[in-house]
Every structure is written in C-alpha cells, then in structure tokens.
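Undergrad: One structure, as structure tokens, below. Some questions next.
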Amino acid sequence: MEMEPKFITLKDGRKLAYAEYGEPAGKPVFFFHGTPGSHFFHPPDGITQKMGVRLITVDRPGYGLSTFLPKRRILDWPGDITNSPTISVLLNSLWPATPAADRT
C-alpha cells in the first residue's frame, strides 16, 4: 500500500502532510523522520508488509509538503502532534467507522 500524501489542517491554518505504507489493515505505527526528511522516507514496502504494519509517516513543519512555521523551534513539533484536534483528525481518517475507545 502506498498512498498519495494526505493533509491535516492545524488550528493555526498550517498543514501537516502524511502518507501511509504497508498493510492497510495492519497495526498502525507512526514514524517521525529526523532532520532532514519527509513522509517520502520509509522502509521498503516489502518489509512493512512482512511486519504486518500500517506505517504512517508525518512531515514535520517545513519539511516535505508540510507548511513551514516561521521562528519554529524543534520543541514546537511535539505540540503539533499532541494537539488533540490534530490527533483526532488523523485517527478519524485512519479509522473512520471505529469509535475512539476501540482503537487499541
């Protein structure tokens, strides 16, 4: 499985890009790239599929297709991901018909 990038809009209007690789029904695993990097960097599909995971790669601000954040610090990045609305949007896009309590 290799999908076109998708986007999440943050409260401040910026966009975070992400893509999915591996098994569509596999256990979701988030991969956050280093510097430099983007959602395009991922293990070969054969490895991801063999492991039975659904790999979700997310671009950090200013990398790949995500919106640049002026004057950002490396410590600003976790706030984009742990922001409840952001996670809710991402999880709802991954499991649209599954109640949040069942996503374990």
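The values are calculated or read from the model by the stated rules, or taken from the named source; none is laboratory data. Everything quoted here is computed from the prediction, not taken from an experiment. Because the Cβ atoms are built from the backbone with ideal geometry, glycine has one as well, and the counts that use them run over all protein chains shown.
Condition check ((1) at positive phi; (2) surrounded by 14 or more Cβ atoms within 10 Å (Cβ to Cβ); (3) at pLDDT 85 or above) across all residues:
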residue: Phe30; (1), (2), (3): no, no, no
residue: Thr35; (1), (2), (3): no, no, no
residue: Phe40; (1), (2), (3): no, yes, no
residue: Pro43; (1), (2), (3): no, yes, no
residue: Met51; (1), (2), (3): no, yes, yes
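Undergrad: Touching a residue at least 12 places away in the same chain (Cβ under 8 Å), closer than 24 Å to Asp76 by Cα and out of contact with any helix residue (DSSP H, G or I) (no Cβ under 9 Å at 6 or more places or on another chain): is that true of Phe30 in this structure?
TA: no
Undergrad: Taking the options Gly13, Gly52, name whichever one is closer than 13 Å to Asp80 by Cα and of a type in the set (Gly, Ala, Ser).
TA: Only one candidate qualifies: Gly13.
Undergrad: Sticking with this structure for a sec: Six or more apart or on different chains, Cβ atoms under 9 Å: show the pairs whose first residue is in segment 46-68 and free of Cβ contacts under 8 Å to residues at least 40 places away in the same chain and under 13 Å from Glu4 (Cα atoms) and whose second is acidic (Asp, Glu) and part of a strand (DSSP E or B).
TA: Taking only residues 6 or more apart or on different chains, the pairs are Ile56/Glu20; Thr57/Glu20.
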